[in-house]
Amino acid sequence: MSNFFHQYKFLILILLSFLFAIAFVTGLNGIDQTTSTDKYCMSCHVHTHAENSWLQASHHNNKSGVVVHCVDCHLPPKNQSNYWPEKIKAGSRDLYSYYFKDIDEINWDEKSLLEHAKKHVFNESCINCHANLFPLHLSKEGDKAHLYYKHNKDKLDCINCHLNVGHGGEQTHKANYSFSKSETNKQIFTEPTSIQEFSNFNEQIPNTTVSFDMIAIPDNKAQNINAFFIGKLEVTWDEYKAFLRETESEGRLVNENQGIDAITGATPPFGDPSQAWGMGKRPAITMTWHAANTYCKWLSQKIGKIYRLPTAKEWEYASGTNENDDFFFGGNASDYKDKNFILNLFKKPSEKINNYVIWKKNSIGKTGLPEEVLPNKFGIVNMLGNVREFCQDTIKVNNKLEYILKGGSFKSTINELLLSHKDHTQHDVWMVSDPQIPKSIWWYSDCNDVGFRIVCEWSQMDTNSSIK
């Protein structure tokens with residue numbers, strides 16, 4: 001017997017290796033099939049949000065009856081070398097979350113945003129199913145958008161435009177012509193507010209139901225700043241939609257009348273620019289600097305006062321921050337920073353900031369309403385957080401003109417809330433996935449945390465400009 005093994009040892013070794021390979025592959029395929037079913041995926045993803053939104057989405061609920069499964073989008077195609085590494089990585093991450101995280105405390109809406117979704121969807125998987133980007137039934141606009149994608153694959157992901165096809169919601173890559181339609185039957189204002197003295201007032205927009213509060217900011221001779229009024233809130237969706245209703249231009253993509261009629265306004269947005277977070281008193285977002293500036297011109301013409309964007313100097317003064325602290329509510333950045341585990345045992349970060357600022361630590365990934373925070377010493381709300389705000393000041397970045405931004409947003413870290421933090425628009429970066437050709441001058445497609453606050457000039461300089 002021993003002579004037999006000795007004589008045929010190489011043949012036996014090859015045969016055993018072959019049998020092991022068959023058993024391994026068979027077993028691996030079995031493991032793959034078992035762990036690739038939708039039921040298996042949802043045994044860890046126990047939040048009903050993911051399953052329900054998938055059932056409602058076009059990848060499940062469609063005319064053809066074709067169902068796109070979890071692994072079809074969230075793993076690379078099986079014929080690619082990174083299939084198993086990504087499968088192990090995803091499985092390990094999901095098991096860790098299932099056993100060691102409180103699923104009820106996870107903000108699934110935030111996880112559904114584009115910046116997070118990009119980490120869990122593979123372009124090659126999209127192309128694996130949608131190999132023909134120019135099918136006969138595709139619209140003219142779709143043809144243009146897919147041609148743009150082919151020329152910019154290094155900058156774009158398929159879900160830049162098709163974010164909701166896997167997990168419900170309306171399609172976001174179509175013009176939303178009903179976005180600015182009137183929703184209320186409230187009393188319509190006939191006249192703007194008349195200002196007789198330098199004090200806070202409530203402005204009324206004629207022929208609309210919209211009004212907003214303006215705060216009187218006294219002059220500061222030391223900083224060479226004249227007295228002015230500034231919006232108590234960032235411009236809200238109520239205010240911005242009044243502008244859109246009067247000026248929106250259906251289907252026009254370029255500013256054809258610039259310099260002739262600067263008030264003819266924005267094209268319809270694609271999808272919901274509010275990100276489905278709600279409108280009303282929530283700050284209007286995703287408009288371009290050009291759109292915000294045009295809003296000010298429209299408001300000035302509508303009301304008969306000079307409305308404009310603030311300068312950076314005016315904005316910083318109105319923030320109410322003194323020279324001894326980093327923030328108007330007191331304290332320095334280090335007071336609010338997370339420290340390492342050991343130091344946190346002795347002194348945890350102060351929670352005071354959460355009373356005044358909507359930022360990364362308390363925003364749950366979206367903008368907030370005014371009543372969620374307290375005002376600064378002038379009575380201005382959300383001066384440091386919620387949305388980054390456009391200013392008039394410009395800056396040259398790579399030989400391109402950009403605009404200064406002030407304040408942080410619901411995404412900002414503590415250092416990004418400081419007055420010393422330098423920030424500016426990134427026009428081209430924020431327009432990467434705009435499917436229109438030419439691109440819109442009215443809406444950013446890739447930035448959802450910018451908005452603006454307005455300033456009204458006080459022309460009676462010879463009168464007392466102290467707050468009444």
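Going by alpha carbons, how many degrees (0 to 90, nearest 10) lie between the helix axis of 289-303 and the longest principal axis of the chain?
Long axis of 289-303 versus the principal axis of the chain: about 30 degrees.
Where in region 12-37 does the label zone of residue 4 land, with the point 7 angstrom along Cα→C-beta and an amide N cut-off under 15 Å?
12-13
Test of understanding: given the chain, find the longest segment containing no GluC sites (Glu not before Pro) that are in a DSSP loop and have at most 14 other Cβ atoms within 10 Å. Don't skip to the end; give the middle numbers.
Values: sites that count: 170, 183, 197, 250, 256, 323, 351.
The answer is 1-169.
Please calculate how many Å² of accessible area the chain carries per residue, with a 1.4 Å probe and no DNA, RNA or ligand atoms counted. Walk me through the numbers before you get to the answer.
On the way: 26110 Å² over 468 residues.
It amounts to 56 Å² per residue over the chain.
Compute the length gained on full extension between residue 26 and residue 371: take 0.36 nm times their separation in residues and subtract their Cα-Cα distance, giving the result in nm to one decimal.
Length difference between fully extended and current span is 118.2 nm.
Farthest toward the dipole's positive end in region 363-412, which of 384, 363, 395, given Cβ charges of +1 (Lys, Arg) and -1 (Asp, Glu) about the Cα centre?
Working it through, the farthest residue towards the positive pole turns out to be 395.
Just to compare against my own numbers: the Cα pair-distance distribution for region 83-145, 10 Å bins, whole % per bin, please.
Pair shares across the bins are 16, 32, 29, 17, 7.
How far is it, in nm, from the label point at residue 324 to the one at residue 101 when both lie 7 Å from their Cα along the line to the Cβ?
4.3 nm
Just from its helices, what would the mean residue ellipticity at 222 nm be for the chain, if runs of 4 or more DSSP H residues each count -39500 (n - 2.57) and the sum is divided by every residue, rounded to the nearest 500 deg cm²/dmol? Walk me through the intermediate numbers first.
On the way: 16 runs with 146 residues, N = 468.
Counting only the DSSP helices, I get -9000 deg cm²/dmol.
Only Cα pairs under 8 Å and at least 6 apart count here; give the relative contact order of the chain as a rounded whole percent.
Value for the chain: 15 percent.
Report in % the part of the accessible area of the chain that belongs to carbon and sulfur, leaving out ligands and nucleic acids; probe 1.4 Å.
Numbers: 14100 of 26110 Å².
Whole-percent figure for carbon plus sulfur exposure: 54.
For residue 420 and residue 36, what does the FRET efficiency come to when R0 = 60 Å and r is the distance between their Cβ atoms, rounded to the nearest 0.05?
Values: r = 51 Å, r/R0 = 0.85.
FRET efficiency, residue 420 to residue 36: 0.75.
Determine the dipole magnitude for region 328-443: charges of +1 sit on the beta-carbon of Lys and Arg, -1 on that of Asp and Glu, nothing else is charged, the reference point is the Cα centre, and the result goes in debye to the nearest 20.
Working: 16 positive and 12 negative charges, 69 e Å.
It comes to approximately 340 debye.
Using Cβ-Cβ distances only, list the Cys residues of the chain with no partner cysteine under 4.7 Å, sorted by number.
Flagged as lacking a Cys partner: 44, 73, 129, 161, 296, 391, 447, 456.
Restricting to bridges with both residues inside the chain, how much of the DSSP beta-bridge set is antiparallel, in percent to the nearest 5?
Details: 25 of 27 bridges.
The antiparallel proportion sits near 95 percent.
Can you give the charge dipole size of the chain about its Cα centre, rounded to the nearest 20 debye, using +1 on the beta carbon of Lys and Arg and -1 on the beta carbon of Asp and Glu?
960 debye
Taking every pair of distinct Cα atoms and averaging 1/r, then inverting, what Kirkwood hydrodynamic radius in Å comes out for the chain?
Values: mean 1/r = 0.0387 Å⁻¹.
Result for the chain, one decimal place: 25.8 Å.
Just to be sure I understand the model, the point goes 7 Å from the Cα along the line to the Cβ. What's the resulting residue 213 to residue 141 distance in nm?
According to this spin-label approximation, the distance is 3.9 nm.
Simple spin-label model, 7 Å along Cα-to-Cβ: residue 457 to residue 197 in nm?
Taking the simple label geometry, residue 457 and residue 197 are separated by 2.5 nm.
For the ranges 69-76, 216-223, what's the packing order if you count other beta-carbon atoms within 10 Å of each residue, average per peptide, and put the highest first? Mind dumping the intermediate values first?
Values: 69-76: 19.1, 216-223: 14.6.
Result, highest mean first: 69-76, 216-223.
The values are calculated or read from the model by the stated rules, or taken from the named source; none is laboratory data. Predicted model, so just to flag it, every value in this text is computed and none were measured. Reconstructed Cβ throughout: ideal geometry from the backbone, glycine too, with neighbour counts over all protein chains shown. These area figures cover heavy atoms from the full protein model, side chains too; ligands, DNA and RNA do not enter into them. Shrake-Rupley method; radii C 1.70, N 1.55, O 1.52, S 1.80 Å.
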